[in-house]
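Colleague: Encoded as structure tokens, here's the structure I'll be asking about.
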Amino acid sequence: MVLCQLELPIETVAHTLALCAQASIPVILDPAPAAPLPDAVFHQIAWFTPNETEAAFYLGEKSSPENSAQRLLDKGLQGVVLKLGAEGSYVAIRGKAARVKSFPVQAIDSVGAGDCFNCAFAVALLEGKDPWAAARFASAAAAISVTRHGAQASMPSRAEIDAFIAKHR
Ligand SMILES: Nc1ncnc2c1ncn2[C@@H]1O[C@H](COP(=O)(O)OP(=O)(O)OP(=O)(O)O)[C@@H](O)[C@H]1O
Ligand SMILES: [Mg+2]
């Protein structure tokens, strides 16, 4: 699985996605910072993971998670995860969609929460979890990260995530 975001030039991202499509490698694209994407790119994305502001950028308006996810899927994506901050996330594929709750924590610094979520989501999918279970694992990782300062420095270890989930069962 390849995880991309948009801090690289669009040409580089588009080329990466084309190579991944050829090699049948699934791609998670976090469209951050939001920037216009060629139509073809949407057909090469396994998981598109915008936050609410980014989702509104691609749709031209703010809308409910249900409606936003459906309209994003209609662009040709295979799956969408709307990241909703403390409100959790909304995970949709064609024909199935559901909200995934966040974990209640005392947040002190949300920097890096999105990246933490994406990476943990990728790990859980590759371990064979279904998308909603993967989003729950990712939510736990991201919840830990917002209780700590920094971006990379706030990322939890696997053992910390597993212990956190066990405690919140
Ligand atoms: N205050 C919080 N409490 C618990 N979980 C949180 C909180 N903030 C974020 N999260 C978790 O982190 C995930 C990603 O956060 P968010 O929705 O803010 O993404 P983002 O805007 O892409 O973040 P970033 O600022 O890192 O780019 C959320 O879906 C949620 O699971
Ligand atoms: Mg983000």
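The values are calculated or read from the model by the stated rules, or taken from the named source; none is laboratory data. The shown structure was predicted, so the numbers you read here are calculated from the model rather than taken from an experiment. Because the Cβ atoms are built from the backbone with ideal geometry, glycine has one as well, and the counts that use them run over all protein chains shown.
Colleague: Taking the conditions exactly as written (within 18 Å of Asp130 (Cβ to Cβ), touching a residue at least 12 places away in the same chain (Cβ under 8 Å), under 17 Å from the mean Cα position of the chain (by Cα) and within 11 Å of ligand 1 (Cβ to nearest atom)), does Val91 satisfy them or not?
Modeller: yes
Colleague: Restrict the check to region 94-105 and report whether at least one residue is in contact with a Leu (Cβ under 6 Å, 6 or more places away or on another chain), within 16 Å of ligand 2 (Cβ to nearest atom) and under 28 Å from Phe164 (Cβ atoms).
Modeller: Taking every residue of region 94-105 in turn, none turns out to be in contact with a Leu (Cβ under 6 Å, 6 or more places away or on another chain), within 16 Å of ligand 2 (Cβ to nearest atom) and under 28 Å from Phe164 (Cβ atoms).
Colleague: Among the residues of region 157-168, which ones are buried (at least 17 other Cβ atoms within 10 Å of the Cβ) and either assigned by TED's automatic domain parsing to the domain that holds Leu6 or within 12 Å of ligand 1 (Cβ to nearest atom) (or both)?
Modeller: Answer for region 157-168, where residues must be buried (at least 17 other Cβ atoms within 10 Å of the Cβ) and either assigned by TED's automatic domain parsing to the domain that holds Leu6 or within 12 Å of ligand 1 (Cβ to nearest atom) (or both): just Phe164.
Colleague: Hey, among Lys75, Lys62, Lys83, which residue is touching a helix residue (DSSP H, G or I) at 6+ places or on another chain (Cβ under 9 Å) and within 30 Å of Ile161 (Cα to Cα)?
Modeller: Only one candidate passes the filter, namely Lys83.
Colleague: May I ask you to say which residue of Ala32, Ala46 is of a type in the set (A, V, I, L, M), more than 16 Å from ligand 2 (Cβ to nearest atom) and within 21 Å of Cys116 (Cβ to Cβ)? Step through it out loud before you land on a result.
Modeller: Working: Ala32 fails: more than 16 Å from ligand 2 (Cβ to nearest atom).
It is Ala46.
Colleague: Would you check if Ala46 is of a type in the set (A, V, I, L, M, F, W, C) and more than 18 Å from the chain's Cα centre (by Cα)?
Modeller: Judged against the criteria, Ala46 is not a match.
Colleague: Answer with yes or no whether Val91 is part of a strand (DSSP E or B) and under 22 Å from Asp115 (Cβ atoms).
Modeller: Yes, satisfied.
Colleague: Could you tell me how many of the residues in region 49-71 are within 16 Å of the chain's Cα centre (by Cα) and either small (Gly, Ala, Ser) or crowded, with 22+ Cβ neighbours inside 10 Å (or both)?
Modeller: Looking only at that region, the number is 6.
Colleague: Quick check on region 100-139: of everything there that is in a loop (DSSP other than H, G, I, E, B) and more than 18 Å from Met155 (Cα to Cα), which residue is nearest to ligand 1 (Cβ to nearest atom)?
Modeller: Lys101
Colleague: If Gly128 meets every condition in (1) more than 16 Å from ligand 2 (Cβ to nearest atom); (2) on the phi < 0 side of the Ramachandran plot apart from one, which number is that one?
Modeller: (2)
Colleague: Does Gly114 satisfy the criteria of being small (Gly, Ala, Ser), under 12 Å from the mean Cα position of the chain (by Cα) and assigned by TED's automatic domain parsing to the domain that holds Ala23?
Modeller: Working: small (Gly, Ala, Ser): yes; under 12 Å from the mean Cα position of the chain (by Cα): yes; assigned by TED's automatic domain parsing to the domain that holds Ala23: no.
Considered against the rule, which asks whether it is small (Gly, Ala, Ser), under 12 Å from the mean Cα position of the chain (by Cα) and assigned by TED's automatic domain parsing to the domain that holds Ala23, Gly114 comes out as no.
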